[in-house]
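*Asks:* Below you'll find the structure I mean.
The values are calculated or read from the model by the stated rules, or taken from the named source; none is laboratory data. Keep in mind that what you see is a predicted model, and the values were worked out from it rather than measured. All Cβ positions, glycine included, derive from the backbone under ideal geometry; neighbour counts span all protein chains shown. Surface accessibility is based on the protein's heavy atoms, side chains included, excluding ligands, DNA and RNA. Shrake-Rupley method; radii C 1.70, N 1.55, O 1.52, S 1.80 Å.
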Amino acid sequence: MSTPIDERGYAHPGVLVSTEWVDAHRDSGQFILVESNEDPLLYPSGHIPGAYEIDWANDLNDPIVRDYVSGEAFAELMSKIGATPDSHIVLYGDRSNWWACYTLWVFHLFGHTNCSIMDGGRLKWVQEGREVTREKPVVLDSNYPIRERNDSEFRAFRDAVRAHAAEGGQLVDVRSPQEFTGEKLHMDGYPNEGALRGGHIPGAKNVPWAKAVDAETSEFLSADALRELYLQGQALDANRETVTYCRIGERSSHTWFALKFLLGFDKVKNYDGSWTEWGNSVGFPIEK
Amino acid sequence: MSTLPPKIAEILDDLSFFTERDERIQALISLGQKFVAHVPDGEDPYPESRKVPGCESEVYAWVGLTESGGLDVKFAVRNPQGISAMALAEVLIQGLQGEKPTLAQDIPESLAIDLFGESLSMGKSLGLTNMIRLVRAEAAKLT
């Protein structure tokens with residue numbers, strides 16, 4: 001039996017909702033459900049009734065520039081799911097909510113911060129035998145206002161990360177230990193993931209993203225367990241500026257979520273350029 | 001330049017008729033739902049040597065020969081959410097079962113992208129591609 005979310009000691013427990021809560025309130029109109037997955041076949045094969053799909057590649061990323069969509073495209077996306085700037089969005093997905101956290105992070109860049117993650121994600125919902133459907137909800141048009149993205153609070157860019165690292169700033173590399181040490185440019189069986197050099201940003205601590213969740217239930221660990229992992233285990237300080245990164249910034253958005261909302265790191269940013277940018281940048285230092 | 005194994009070419013040809021993304025996805029889901037796991041006797045628990053590296057769907061593959069000397073391709077997909085892996089496993093089984101082992105070498109690594117599209121995440125793409133690589137490598141040992 002899982003510990004109730006509000007008894008886990010999180011800094012901001014409202015950012016997590018349980019599968020039970022979603023099931024009990026999904027017809028209430030209090031929130032909009034959004035599923036974000038890595039596997040493009042999952043949502044169409046069955047999803048929580050009423051849930052919309054947001055695809056990380058097609059809906060959130062600009063097709064031309066390596067960047068997120070424009071304010072116009074985001075407004076169009078939010079209008080389709082019937083959102084207003086005040087709407088409470090509940091996100092869930094596969095891979096222990098990795099992609100749901102990524103979507104939540106992008107929502108924060110656009111100032112839509114009234115978001116929660118359904119703890120345990122899609123797998124927990126299915127394993128509990130809760131209802132799924134293939135029927136898609138109606139596409140709406142709520143006329144969501146166009147808001148330009150504000151990257152300053154939650155997103156880190158390469159040169160700022162370089163300065164941060166040079167000053168001894170806190171960095172959390174959420175990739176595998178083998179990638180972190182540079183022992184491998186990629187995981188076993190993987191081809192080179194697009195970086196010329198292996199290693200990590202100088203001074204970074206290595207905490208693979210999935211350590212923040214229970215391997216069996218996909219639920220986030222308690223605050224005590226997370227503190228053991230990040231604070232006692234890696235000597236991170238919740239009051240210092242912190243940057244998370246991985247390969248392209250998606251896994252690290254999961255850790256960004258855990259640090260910011262569950263442990264209360266006030267000044268944490270996600271570096272989405274991550275290793276595919278840093279590991280290829282001319283003149284940028286690495287450690288192995 | 002090699003050509004695709006005929007049955008796999010046929011599957012891709014059938015999928016090409018679906019010009020709408022949703023229709024194509026439904027067709028791929030149908031393929032995944034046809035997949036039935038087959039594990040050789042005495043192979044449960046599955047040996048690590050059969051595990052597809054880097055595949056989050058926890059796919060295990062066995063490639064052997066039938067009594068008539070054709071390929072015998074079996075998969076197990078442990079993650080019940082691994083529907084793309086199941087669809088690809090079904091494609092590989094339909095395309096290779098009973099065929100000559102050399103035919104497996106004609107499967108391009110790009111098959112995952114050809115089936116599921118370029119918007120696959122790199123991790124998902126790699127996991128699926130490793131299924132193809134493992135089948136090709138195991139089939140090569142049989143030639």
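*Asks:* Shielding of A:248-257 by partners, i.e. mean partner chain Cβ atoms within 10 Å per residue?
*Replies:* 1
*Asks:* If you don't mind, there's one more thing I want to ask. Averaging over every viewing direction, what projected area does the convex hull of the Cα atoms of the protein assembly as shown cover, in nm²?
*Replies:* 22.0
*Asks:* Explain nothing, just the number: dipole magnitude of the protein assembly as shown about its Cα centre with +1 on each Lys and Arg Cβ and -1 on each Asp and Glu Cβ, in debye rounded to the nearest 20.
*Replies:* Here the size comes out at about 900 debye.
*Asks:* Stokes-Einstein D for the stretch B:46-126 at 37 °C, 0.692 mPa s, Kirkwood Rh over Cα pairs, in µm²/s?
*Replies:* Details: Rh = 13.5 Å.
Result for D is 244 µm²/s.
*Asks:* Can you return the lysines within cross-link range of A:LYS288? Criterion is Cα-Cα under 21 Å, with same-chain partners fewer than 8 residues away left out.
*Replies:* A:LYS184, A:LYS205
*Asks:* Distance cut-off 26 Å, Cα to Cα: go down the list A:LYS124/B:LYS74; A:LYS124/B:LYS51; A:LYS124/A:LYS269 and report the pairs above it. Kindly include the intermediate steps, with their values, before the conclusion.
*Replies:* Details: A:LYS124/B:LYS74 28 Å; A:LYS124/B:LYS51 24 Å; A:LYS124/A:LYS269 28 Å.
From the list (A:LYS124/B:LYS74; A:LYS124/B:LYS51; A:LYS124/A:LYS269), the Cα-Cα distance tops 26 Å for A:LYS124/B:LYS74; A:LYS124/A:LYS269.
*Asks:* Can you give me the long-range amide H partners of A:ASN270? Hydrogens built in the peptide plane at 1.01 Å from N, cutoff under 5 Å, separation of 5 or more residues or another chain.
*Replies:* When sequence neighbours closer than 5 places are left aside, the close amide H contacts are A:ARG155, A:ALA156, A:THR244.
*Asks:* Once you charge only the Cβ atoms, +1 for Lys and Arg and -1 for Asp and Glu, what is the size of the charge dipole of the stretch A:228-288 about its Cα centre, to the nearest 20 debye? Write down the numbers at each step before the final one.
*Replies:* Details: 7 positive and 8 negative charges, 10 e Å.
Dipole size: approximately 60 debye.
*Asks:* If I compute solvent accessible area with a 1.4 Å probe over the protein chains, what percent of it on the stretch A:5-127 is carbon and sulfur?
*Replies:* Answer for the stretch A:5-127: carbon and sulfur cover 48 percent of the accessible area.
*Asks:* Moving on to the next point. Answer with one residue from A:LEU123, A:GLY182, A:GLN170: the one whose Cα lies farthest towards the positive end of the charge dipole of the stretch A:71-205, charges on Cβ with Lys, Arg +1 and Asp, Glu -1.
*Replies:* A:GLY182
*Asks:* Here is a further query. Give the percent of DSSP beta bridges with both residues in the protein assembly as shown that are antiparallel, rounded to the nearest 5.
*Replies:* 35
*Asks:* Based on the Kirkwood radius over alpha-carbon pairs, what value in µm²/s does the Stokes-Einstein equation return for the translational diffusion coefficient of the stretch A:45-200 at 4 °C and 1.567 mPa s? If you can, show how the numbers build up before the last one.
*Replies:* Values: Rh = 18.1 Å.
Once the numbers are plugged in, D ends up at 72 µm²/s.
*Asks:* What accessible area, summed over both chains, is buried at the B-A interface (1.4 Å probe, Å², nearest 100)?
*Replies:* Values: alone 7900 and 12830 Å², together 18590 Å².
The buried area between B and A, both sides summed, comes to about 2100 Å².
*Asks:* Could you list which residues have their amide H under 5 Å from that of B:GLY98, counting only those 5 or more apart in sequence or on another chain, with H placed in the peptide plane?
*Replies:* B:LEU71, B:ASP72, B:VAL73
*Asks:* Suppose every Lys and Arg Cβ carries +1 and every Asp and Glu Cβ carries -1, with no other charges. What dipole size does the stretch A:5-127 come out with about its Cα centre, to the nearest 20 debye?
*Replies:* Value, rounded to 20: 140 debye.
*Asks:* Helix-only mean residue ellipticity at 222 nm, chain A, DSSP H runs n ≥ 4 weighted -39,500 (n - 2.57), per residue, nearest 500. What is it?
*Replies:* -6000 deg cm²/dmol
*Asks:* Another question, then. Quick check on the stretch A:132-288: take the gyration tensor over C-alpha atoms, sort the square-rooted eigenvalues as a ≥ b ≥ c, and tell me if it's rounded (a/c under 1.5), prolate or oblate.
*Replies:* It comes out rounded by the Cα gyration axes.
*Asks:* Could you state the accessible area per residue of the stretch B:6-141 in Å², with a 1.4 Å probe and every protein chain left in place?
*Replies:* 46
*Asks:* Hydropathy at least -1.0 by Kyte-Doolittle, axial extent at least 15 angstrom from the Cα trace: which helices of chain A, defined as entire DSSP H runs, fit?
*Replies:* Helix filter hits for chain A: A:98-109.
*Asks:* For the stretch B:6-141, what does the convex hull of the Cα positions come to per residue, in cubic angstrom?
*Replies:* 102
*Asks:* Are there GluC sites (Glu not before Pro) in the stretch A:65-174 that DSSP puts in a loop and that have at most 13 other Cβ atoms within 10 Å, and which ones?
*Replies:* A:GLU128, A:GLU131, A:GLU135, A:GLU148, A:GLU153, A:GLU167
*Asks:* Also: Need one number: % antiparallel among DSSP beta bridges in the stretch A:5-127, to the nearest 5.
*Replies:* Around 10 percent of the beta bridges assigned by DSSP in the stretch A:5-127 are antiparallel ones.
*Asks:* Send over a whole-number figure in Å² for the accessible area per residue of chain A, probe 1.4 Å.
*Replies:* 41
*Asks:* Let me ask something else. Of A:VAL282, A:LEU91, B:GLY123, which is farthest along the charge dipole of the protein assembly as shown in the positive direction, counting Lys and Arg as +1 and Asp and Glu as -1 at C-beta?
*Replies:* With unit charges placed on the Cβ atoms, the residue in question is A:VAL282.
*Asks:* Let me ask something additional. Measure out, as a whole number of angstrom, how far apart the alpha-carbon centroids of the stretch B:58-137 and the stretch A:198-232 sit.
*Replies:* Measuring centre to centre over Cα atoms gives 33 Å.
*Asks:* Provide Rg and Dmax in Å for the stretch A:5-127, with only Cα atoms included in the calculation.
*Replies:* 13.9, 45
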